[in-house]
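Just below is one structure, and these are the notes that go with it.
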Amino acid sequence: MTKKRKRQEDFQKVKLKVGKKKPKLENATDTTFKTKAIQIPEQLKEDGVLPTQNRKLNIKDLLSQMHHYSPGVKHNALLGLKELLSQYPFVIDAHLSSIISEVAAVFTDKDSSVRGAAVHLLQFLASKIRAEQIAPFFPLVSAHLSSAMTHISEGIQEDSLKVLDVLLEAYPALLTDRSVILLKNFVELISHQQLSKRLKSRDKLSWMLSVNPNRRVTSQQWRLNVLTRLKKFLQAVVDGSSDTEDEGLQEQKDNSHSVRNPICISWKLHANNQQHIQLFESGGLRPKINSSFRLRSLTSVMDSAEKGLSSAENLKGFIEIIIPLLIECWIEASPAQSAPILGNLLESESQQLMHQVLSIIHLLWKLTKRHDETYKMELWLRMNYLVDFKHHFMRHFPYSLQDTVKHKKKDPCKSNRNCMKSSNNIDHLLLNLTLCDIMVSLASTSTLQTDSGWLDMIRKFVTDTLQDGSKLNSKQVNRLLGVTWRLMQIQQNKVATEPLIKAVYTLYQQRNLLFPVRTLLLKFFSRVYQKEDLRTQRFRSRSKVLSRWLAGLPQQLALLGLRNPELSNQLIDIIHSAASRSNKELLQSLQATAARIYDPLEGTLVLLPAEAQRRLVQLVYFLPCLPASLLACLSRCCIMGRMSSDLAATLIGILHMR
């Protein structure tokens, strides 16, 4: 056999025939396998119960999309969350922790549309979630807010103020608990530290206003936006204090060493020995310890950083930082910088900034009065800031608004959504009154001669405003009366107080005054009378204007009738208080008007409700004399059924005692 033939036998080609299977190779791999399905009924059941929105995405799907790299996906996820939670509110309680953490995390997102959607979703959630529910997660929200406020991006800083607005509106108490960190963030938004070699050796670093040309708004507008939020934050701190007080007249309260707790006495039960009154236990007085000693509590364990502005040390430190910055803002917006020719005229934006500056200082002054060492705080404020305030604030006092000509040119604030314009109407009078309130709080009786120059300016402004105050609202009158009361306490002689009382009485005589304004004026005169009544026991120097006001009260009560029952009740209380003190002018006027008040047909007695009727019947006891005509009117009121039988019995008892 040849070699060629042998090679062909070794490598023979297998011929395949049609219709027969191909033979398996010797090295073929078996790829057959078997599968079995695994079913988890509970998991499938839970996925089926979770509600979905229009895109068939449930809460877990939407929250997972919040971590996506695409801004469009995150924006759609936020919109889907709002849609889902509005349709199924019960989902919020079940997934509250995840929702809060994911929404707060996008406060610092790079995309502006994502941040805007997060603010809208947070505003929606704030209306659905109570403060008690969000309290455990609020430290996380506050941390993300602080991160956004101190972010390097200007857009994130601007949107952080919108987040702050939502939280201040919905959860002011929770936000003010972290005042130390947030107040520092406010300062860093408008300023930076001076790091020169000369200042590094000092213990306290100095701050100066910063200017960022990359912002889409002007530096003055940006500071106005930040200071507006700072004012809201400090207002929340003041409102959250334990001894909350109103502004203006209600703020100036006498320091009494006891807190009154009146009790109701039924003379019928007391006369029948069915109601016993203990003089000391039920006297309505609870002693108030006027001592700096306090027992140790849990709050004393906290350091000063955790106490926030409730600590005098922290409050002083913040005042030392913010007041110089506020003065710099004032200097930039003052009339001397904008237009020296205009004098004390202000533009709209400048006045808004100056009003925020004064409002913040006024709130800080109120916080200083909450501490035990009040006199030391007032002395410290006077020593550090009175000179600067006189130089900058009182230089162009009083301020007025400049009337600018309206051009047809398009307003840039309307086209620019980042231009935050104040929605409140500009009130230059409130600006001047806030300045008066701040300056007057720094004065006292001992410093009267030193401060006589600027105090006379304030006194003249207050007097002129009161005499021409027909268009004042209740907020302005409240602040105005507060300044007036403080001026009367500083200089208590009749020569200084009588023109102020006369100016207030001129406003009181105005017709068609608003009810809140009339109420404030009545409270002011009542306090002045009570203060004078205590003082006249030694000096016997009554105000003629005050006597004229008291003499006119009974006639006003007779004319008022049923037109305003609440105002009638206030008049009755004041008349009752003065009558119990045997005020001669009031008793003579009450005697002359008694026939009209107790008329059985159209008198005040038969028109007012039962409680007011009881007070009017008690006034019969104080009348100097009881003529037959008055007794006939009272008899007809009882016979005609214009008063209840119990009240008629009370009247008979009073007449029997007389």
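Of all residues in the range 606-641, which are under 18 Å from N569 (Cβ atoms) and either of a type in the set (S, T, Y) or not in a helix (DSSP H, G or I) (or both)?
Matches in the range 606-641: L608, P609.
When only residues in the range 486-496 that are open to solvent by 50 Å² or more (accessible area, probe 1.4 Å) and touching a residue at least 40 places away in the same chain (Cβ under 8 Å) count, which is nearest to the chain's Cα centre (by Cα)?
Only one residue tops the list, namely R486.
Return the only residue of K4, K60, K21 being part of a helix (DSSP H, G or I), at pLDDT 80 or above and open to solvent by 100 Å² or more (accessible area, probe 1.4 Å).
Among K4, K60, K21, only K60 is part of a helix (DSSP H, G or I), at pLDDT 80 or above and open to solvent by 100 Å² or more (accessible area, probe 1.4 Å).
So in the range 534-544, with the set limited to residues that are closer than 15 Å to T497 by Cβ and at pLDDT below 75, which one is most open to solvent (accessible area, probe 1.4 Å)?
Going through the qualifying residues, I end up with F539.
Please work out if L140 is at pLDDT below 90 and under 27 Å from L174 (Cβ atoms).
Considered against the rule, which asks whether it is at pLDDT below 90 and under 27 Å from L174 (Cβ atoms), L140 comes out as no.
Is it the case that the range 341-352 has a residue that's surrounded by 13 or more Cβ atoms within 10 Å (Cβ to Cβ), in the same structural domain as E158 (by the TED database), assigned to a helix (DSSP H, G or I) and modelled with pLDDT of 85 or more?
yes
Could you tell me whether any residue of the range 130-140 is closer than 23 Å to L63 by Cβ, surrounded by fewer than 21 Cβ atoms within 10 Å (Cβ to Cβ) and within 17 Å of the chain's Cα centre (by Cα)?
No; the residues of the range 130-140 include none that is closer than 23 Å to L63 by Cβ, surrounded by fewer than 21 Cβ atoms within 10 Å (Cβ to Cβ) and within 17 Å of the chain's Cα centre (by Cα).
Is it the case that the range 579-601 has a residue that's in contact (Cβ under 8 Å) with a residue 40 or more places away in the chain, touching a Cys at 6+ places or on another chain (Cβ under 8 Å), outside any helix (DSSP H, G or I) and over 30 Å from Q492 (Cβ atoms)?
Yes, the conditions are met somewhere in the range 579-601.
Report yes if some residue within the range 98-107 is under 26 Å from R223 (Cβ atoms) and of a type outside the set (V, I, T); otherwise report no.
yes
Test S241 against the stated conditions and say whether it is modelled with pLDDT of 65 or more and in contact with a His (Cβ under 6 Å, 6 or more places away or on another chain).
no
Which pairs turn up if I take residues in the range 458-471 that are of a type in the set (A, V, I, L, M, F, W, C) and look for partners that are open to solvent by 20 Å² or more (accessible area, probe 1.4 Å) with beta carbon separation below 7 Å, at least 6 apart in sequence or on another chain?
Close Cβ pairs (under 7 Å, with a partner that is open to solvent by 20 Å² or more (accessible area, probe 1.4 Å)) amount to F461/P398; L466/T506.
To keep it simple, each residue is scored yes or no on (1) open to solvent by 10 Å² or more (accessible area, probe 1.4 Å); (2) in contact (Cβ under 8 Å) with a residue 12 or more places away in the chain; (3) of a type in the set (D, E, K, R).
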site: Q476; (1), (2), (3): yes, yes, no
site: L480; (1), (2), (3): no, yes, no
site: T484; (1), (2), (3): no, yes, no
site: T506; (1), (2), (3): yes, yes, no
site: V517; (1), (2), (3): no, yes, no
site: E532; (1), (2), (3): yes, yes, yes
site: L546; (1), (2), (3): no, yes, no
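I'd like to check which helices (runs of 4 or more DSSP H) are fully inside the range 366-454 and have at least 2 residues that are at pLDDT 80 or above and more than 17 Å from I319 (Cα to Cα).
374-392, 428-441
Within the range 551-577, track down each residue that is in contact with a Phe, Trp or Tyr (Cβ under 7 Å, 6 or more places away or on another chain) and surrounded by 15 or more Cβ atoms within 10 Å (Cβ to Cβ).
L567
Name the residues in the range 380-399 that are open to solvent by 80 Å² or more (accessible area, probe 1.4 Å) and either closer than 12 Å to A443 by Cβ or of a type outside the set (V, I, T) (or both), would you?
Hits for the range 380-399 are M383, H391, R395.
Looking for something within 26 Å of the chain's Cα centre (by Cα) and assigned to a loop (DSSP other than H, G, I, E, B) - is there at least one such residue anywhere in the range 455-467?
No - not one qualifying residue is present in the range 455-467.
The values are calculated or read from the model by the stated rules, or taken from the named source; none is laboratory data. On a predicted model such as this, the values are computed, not experimentally measured, just so you know. Please note: Cβ atoms are built from the backbone with ideal geometry, for glycine as well, and neighbour counts cover all protein chains shown. SASA here: full protein model, heavy atoms, side chains in, ligands and nucleic acids out. Shrake-Rupley method; radii C 1.70, N 1.55, O 1.52, S 1.80 Å.
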